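Chemist: The structure that follows is given in the form of structure tokens.
The values are calculated or read from the model by the stated rules, or taken from the named source; none is laboratory data. Worth saying up front: this structure is predicted, and the values here are computed from it rather than measured. All Cβ positions, even for glycine, are placed from backbone atoms using ideal geometry, and neighbour counts span all protein chains on display. What goes into the accessible areas is simple: the full protein's heavy atoms, side chains included, and nothing from ligands, DNA or RNA. Shrake-Rupley method; radii C 1.70, N 1.55, O 1.52, S 1.80 Å.
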Amino acid sequence: MYLFFIFIVGLCFGSFLNCFIYRLHEQKTILGRSFCPRCKKQIAWYDNIPLLSFILLKGKCRHCKKKISWQYPAVELVTAVLFVLIYINYQLPITNDQLVSSFQFPVSNIILFARDLIFISVLIIVFIYDLRWQLILDKITLPAMVIALGFNLFLGAGWQNLLLAAIMGGGFFLAQYLISRGRWVGGGDIRLGALMGLMLGWPQILTALFLAYVSGAIIGVGLLVARKKQWSSQVPFGTFLSAATVVVLLWGSKILEWYLGIIF
Ligand SMILES: [Zn+2]
């Protein structure tokens with residue numbers, strides 16, 4: 001029951017993120033009613049229910065029948081699933097009995113839960129924005145760096161550790177930027193690398209960079225084989241980086257253990 005509730009909250013939050021991304025791109029204010037991007041008709045509340053409305057309307061606008069992007073239900077669903085996974089990850093109560101005896105749950109787990117919800121929301125925005133418009137916005141990454149630093153310091157991470165991880169993440173892309181004179185990666189990647197460091201700390205920043213490169217290579221080759229992309233076409237690397245950061249936030253310690261277990 002609790003998990004279902006978290007799932008619904010996640011769906012609504014995903015809906016908000018969609019709206020936020022759209023308005024970020026259109027440079028509109030966050031407030032105001034939603035409307036169809038084509039016919040500009042306001043969307044009634046009953047057509048604006050996350051996930052459900054998309055299914056009932058068969059993915060089309062009620063008025064002009066324009067197809068609604070797959071991005072909307074996908075972001076809602078992924079946000080909801082991630083909310084549930086984070087909730088389980090911190091062993092927060094899932095039954096009434098557990099809630100009653102919830103004094104066993106360390107407060108830090110609730111703060112960690114809140115922290116990861118914020119981190120993951122930021123990463124979803126970066127993921128979609130870079131995928132659609134090949135841009136990593138400083139007005140997202142820079143404030144997120146301050147938030148990540150604040151949360152992690154508050155939760156007892158050493159500033160040296162976070163600094164090292166931020167330099168590692170940012171420096172990794174700075175080096176590529178300098179070597180390629182800005183052809184391989186952009187300035188946005190450098191800031192995103194530093195943000196990843198501040199979110200994950202050392203050594204998990206390495207796990208995330210590693211995962212991003214492996215998944216990027218696999219998908220890149222896959223697209224090449226399917227002839228969907230050419231070598232020259234730009235890869236939205238922020239998309240891989242943010243996805244890898246989400247995975248490491250959720251399962252980083254398990255991945256590291258597994259990896260070290262193979263080596264030693
Ligand atoms: Zn319409």
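Chemist: Please list, or write none, the aspartates and glutamates whose alpha carbon is within less than 15 Å of the alpha carbon of residue 60, excluding same-chain residues fewer than 8 places away.
Modeler: 47
Chemist: Next question, about the same structure. Go through 26, 257 and list them by solvent-accessible area, largest first, probe radius 1.4 Å.
Modeler: Descending order: 257, 26.
Chemist: How much area per residue is accessible in the chain when the probe is 1.4 Å and only protein heavy atoms are counted (Å²)?
Modeler: 58
Chemist: So what is the calculated 222 nm ellipticity per residue for the chain, using -39500 (n - 2.57) for each DSSP H run with n of 4 or more, over all residues, to the nearest 500 deg cm²/dmol?
Modeler: -23500 deg cm²/dmol
Chemist: What trypsin sites (Lys or Arg not before Pro) does region 193-230 have in DSSP loop regions with at most 10 other beta carbons within 10 Å?
Modeler: 227, 228
Chemist: Still on this structure: Between 245, 148, 37, whose Cα lies farthest towards the positive end of the dipole of the chain when Lys and Arg beta carbons carry +1 and Asp and Glu beta carbons carry -1, centred on the Cα centre?
Modeler: 37
Chemist: Report the FRET efficiency, 1/(1 + (r/R0)^6), for residue 25 and residue 180, where r is their Cβ-Cβ distance and R0 is 30 Å, rounded to 0.05.
Modeler: Efficiency, rounded to the nearest 0.05: 0.65.
Chemist: Taking 0.36 nm per residue of sequence separation and subtracting the Cα-Cα distance, how much length would be gained by fully extending the chain between residue 60 and residue 215, in nm to one decimal?
Modeler: 52.6 nm
Chemist: While we're on this one: Add +1 for every Lys or Arg and -1 for every Asp or Glu among the other residues with Cβ under 14 Å from the Cβ of residue 192, and state the total.
Modeler: Result for the local shell: -1.
Chemist: Spin-label point model (7 Å from Cα, Cβ direction): what's the residue 94 to residue 74 distance in nm?
Modeler: Inter-label distance under the simple model: 2.8 nm.
Chemist: What figure in square angstrom, to the nearest 10, would you give for the accessible area of residue 22 with a 1.4 Å probe?
Modeler: 50
Chemist: Could you give the DSSP H helices of the chain that reach 27 angstrom or more along their long axis (alpha carbon positions) and whose average Kyte-Doolittle hydropathy is no lower than 0.5?
Modeler: Qualifying helices, which must be both long enough and hydrophobic enough, are 2-26, 107-133, 159-179, 204-225, 237-263.
Chemist: Given a 1.4 Å probe and every protein chain left where it sits, what share in percent of the accessible area of the chain is carbon and sulfur?
Modeler: Percent of accessible area from carbon and sulfur atoms in the chain: 70.
Chemist: What is the gain in length, in nm to one decimal, between residue 256 and residue 34 on full extension, counting 0.36 nm per residue of separation less the C-alpha to C-alpha distance?
Modeler: 75.6 nm
Chemist: OK, next. What is the spin-label model distance, in nm, from residue 264 to residue 46 if the labels are put 7 Å beyond Cα along the C-beta direction?
Modeler: 6.2
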